[in-house]
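Structure first, commentary second.
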């Protein structure tokens with residue numbers, strides 16, 4: 001088929017407009033919602049526990065539970081619009097990490113003997129999952145996992161008196177990356 | 001020499017292919033979401049998707065979500081290649097003096 005240069009230019013313009021619109025749709029289905037949710041939860045929990053960990057132990061657990069329910073709701077909502085194939089190997093790897101992290105290592109290490117250590121340990125396990133996600137999917141998860149793990153370790157090992165400030169920075173990293181993914185990614 | 005693909009060059013199908021090729025290879029988009037994004041009617045989009053599916057350029061998957069029928073659309077590797085070739089043909093025409 002033969003077309004004029006003007007028709008070709010119009011077609012390319014339509015293509016670019018469609019691509020731009022679809023990129024905006026895709027951007028709504030990246031991981032930014034999860035990062036905003038868990039970054040906020042992490043910041044709130046860090047502030048509460050930094051203030052008085054014994055007093056807010058139950059509260060932070062309820063906040064975390066609410067976060068898990070909200071995560072499930074986001075998953076259901078996003079899968080109604082844009083779906084990826086569920087990679088069962090990825091789920092199996094993450095499941096293995098969590099089982100070993102929460103079920104095996106505490107016994108091997110002889111237990112976790114302080115609330116701060118327990119909190120740091122739990123967050124490090126999740127950052128392992130983020131690293132795996134970054135290897136499997138988009139690499140911003142990898143960088144979040146590495147950076148936040150470094151912050152948690154630095155706070156726990158080097159600056160124990162300011163651990164909750166480092167934990168709050170970890171939550172802020174999630175939150176900030178969520179904005180980056182929403183506004184700038186792809 | 002690149003050739004224009006008549007199956008893709010129709011304006012609505014051009015927009016459909018351009019949109020679908022933005023997805024990752026393992027991603028697919030809901031029919032209603034695609035329809036709203038492209039500003040097409042159900043019948044219009046359905047007819048164009050049938051044409052593209054017949055050429056092997058897209059895959060249409062019908063499933064149920066919360067007991068409601070849902071249709072998801074994705075581009076095939078052949079469709080992605082055909083669209084890329086079509087875009088290159090358009091750019092070649094534009095580059096002619």
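Each value in this text was obtained by applying a stated rule to the coordinates, not by laboratory testing. Since we're looking at a predicted model, the values are computed, not measured. Reconstructed Cβ throughout: ideal geometry from the backbone, glycine too, with neighbour counts over all protein chains shown.
Numbers at a glance
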read-out: Cα-based helix-to-principal-axis angle, B:11-20 vs chain B, degrees rounded to 10; value: 70 degrees
read-out: Shielding score for B:78-87, defined as the mean number of other chain Cβ atoms within 10 Å; value: 1
read-out: Relative contact order (percent, whole number), the stretch B:53-97, Cα cutoff 8 Å, 6+ residue spacing; value: 32 percent
read-out: Efficiency of FRET between residue A:115 and residue A:74 - r from beta-carbon atoms, R0 25 angstrom, step 0.05; value: 0.30
read-out: The stretch A:88-131 and the stretch A:140-173: distance between their alpha carbon centers, rounded to Å; value: 16 Å
read-out: Of A:140, A:115, A:130, the one that fluctuates the most in a GNM where chain A has Cα springs shorter than 10 Å; value: A:115
read-out: Gap separating the Cα centres of the stretch A:1-78 and the stretch B:50-86, nearest whole Å; value: 25 Å
read-out: Cβ crowding within 10 Å averaged over residues, with A:147-160, A:24-37, B:53-66 ranked highest first; value: A:24-37, A:147-160, B:53-66
read-out: Convex hull projection area averaged over all views, the protein assembly as shown, Cα basis, nm²; value: 18.8 nm²
read-out: Extension gain, residue A:183 back to residue A:105 (0.36 nm per residue minus Cα-Cα distance, nm); value: 24.2 nm
read-out: P(r) weight above 28 Å for the stretch A:45-186, C-alpha pairs, percent; value: 21 percent
read-out: Number of partner chain Cβ atoms within 10 Å, mean per residue of B:16-23; value: 6
read-out: Two-site FRET efficiency, residue A:143 against residue B:78, from Cβ-Cβ distance with R₀ of 30 Å, rounded to 0.05; value: 0.30
read-out: Along principal axes, Cα extents of the stretch A:1-119, largest first, whole Å; value: 76, 33, 21
read-out: Value of relative contact order over chain B, rounded to a whole percent, pairs C-alpha under 8 Å and six or more apart; value: 39 percent
read-out: Separation in nanometres of the label points that stand 7 Å from Cα toward Cβ, at residue A:97 and residue A:10; value: 5.1 nm
read-out: Within chain A, helix-based [θ] at 222 nm, where runs of 4 or more DSSP H residues each add -39,500 (n - 2.57), nearest 500; value: -27000 deg cm²/dmol
read-out: Pairwise FRET efficiency - residue A:2 versus residue A:150, Cβ, R0 = 51 Å, nearest 0.05; value: 0.30
read-out: Within 10 Å of each Cβ in A:82-89, the average number of Cβ atoms from other chains; value: 4
